[in-house]
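Notes for the one structure printed next.
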Amino acid sequence: MTTLQDIPFTTMAGEQASLADYAGQVVLVVNVASRCGLTPQYAKLETLQKQYGERGFTVLGFPSNQFFQELGSDEAIAQFCSATYGVTFPVLAKIKINGRSEHPLYTELKRTPDASGKAGRVKWNFEKFLVTPQGEVHRFRPSTEPDAPEIIAALEAALPR
């Protein structure tokens, strides 16, 4: 049986990776987009990466054009993230997050309900899934900023002391 940690995804370099590569870390999985009103959240995601990275945390950005707000190529996305927001966390190959050809990682993540008890489709860009080293998943909708108290509390609780 495949676990959440074992589901493969592809890096921008074309290599296979999985959450297992981040074993023991707290991972914030975010579907990102370069041309969205929420795109400035990249800055706060990068701040989290810098603030907590050495303590066992990483952001994983999954570009998606499901809402028609992402650049056309992985190269253009990488250039945008680096030049505009100085992103140092991994931004992976573009994927689909909803629908028939959605990525299996998102199929599993979307089973997790948000704070109001709703699971299912990703509603918009910058939906966040905090995955703890124990495999617990916490879901935060797009309008929840990366530095919101509820995300920081879940992150702090999951990090090693």
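Just so it is clear, none of the values below were taken in a lab; they were calculated from the coordinates. Since this is a predicted model, take the numbers as computed values, not measurements. Cβ sites come from the backbone with ideal geometry, for glycine too, and all protein chains shown count toward neighbours.
Looking at Gly56, Gly120, just one residue is within 25 Å of Asp6 (Cα to Cα), touching a strand residue (DSSP E or B) at 6+ places or on another chain (Cβ under 8 Å) and surrounded by fewer than 19 Cβ atoms within 10 Å (Cβ to Cβ), and that residue is Gly56.
Residues in the range 15-37 that are farther than 18 Å from Phe140 by Cα, among the polar types (S, T, N, Q) and in contact (Cβ under 8 Å) with a residue 24 or more places away in the chain: Gln25, Ser34.
Is there a residue being part of a strand (DSSP E or B) and surrounded by fewer than 15 Cβ atoms within 10 Å (Cβ to Cβ) anywhere in the range 15-23? Scanning the range 15-23, I find at least one residue that is part of a strand (DSSP E or B) and surrounded by fewer than 15 Cβ atoms within 10 Å (Cβ to Cβ), so the answer is yes.
The number of residues in the range 136-161 being of a type outside the set (Lys, Arg), assigned to a loop (DSSP other than H, G, I, E, B) and within 15 Å of the chain's Cα centre (by Cα) comes to 7. Residues in the range 26-73 that are within 16 Å of the chain's Cα centre (by Cα), in a helix (DSSP H, G or I) and either over 15 Å from Lys128 (Cβ atoms) or aliphatic (A, V, I, L, M) (or both): Ala43, Leu45, Leu48, Lys50, Gly53. Scanning the range 95-104 for residues that are surrounded by fewer than 19 Cβ atoms within 10 Å (Cβ to Cβ) and either in contact with an Asp or Glu (Cβ under 9 Å, 6 or more places away or on another chain) or part of a loop (DSSP other than H, G, I, E, B) (or both) yields a total of 6.
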